[in-house]
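One structure below.
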């Protein structure tokens, strides 16, 4: 079954990625915005839609830039709900359309999602996936640029 969406527990991922927005508090707008920016780059590179869930209604981050067709969503839980509640509901609702990947370090959340057939990834594994995909993209760009420079330098 094809992967139809990646559902990310935003604060769980932020707490496991201290290099992202280094020095900014993990619940700050700067940290959230850095995460949204990084996951936007990842989504652009891999093509799989991503939804980032954050607990709480008080804080908001800026709307994702260049958001095309809902490929990157940022959602905040309302009062009385948690990001976990929203993730479980979304994972269950996407099930008929294909596989979803839930990214969290919350063991109860991972058990719940995998219990009804969803895939799960720890934050550390997902960070490695992001690094790999973005590293591969950078290598491809470097190779393309080298080839373009060589073609430009050749006499015609």
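Being buried (at least 17 other Cβ atoms within 10 Å of the Cβ), touching a residue at least 24 places away in the same chain (Cβ under 8 Å) and not in a strand (DSSP E or B) is the requirement here; does residue 74 meet it?
Numbers: buried (at least 17 other Cβ atoms within 10 Å of the Cβ): yes; touching a residue at least 24 places away in the same chain (Cβ under 8 Å): yes; not in a strand (DSSP E or B): no.
The answer is no for residue 74.
For the stretch 1-32: of the residues being over 12 Å from the mean Cα position of the chain (by Cα) and part of a helix (DSSP H, G or I), which is nearest to residue 107 (Cα to Cα)? Of everything passing the filter in the stretch 1-32, 15 is nearest to residue 107 (Cα to Cα).
Quick note: the coordinates plus some simple rules give every number you see, no bench work behind them. Predicted model, so just to flag it, every value in this text is computed and none were measured. Backbone-built Cβ (ideal geometry, glycine too); neighbour counts: all protein chains shown.
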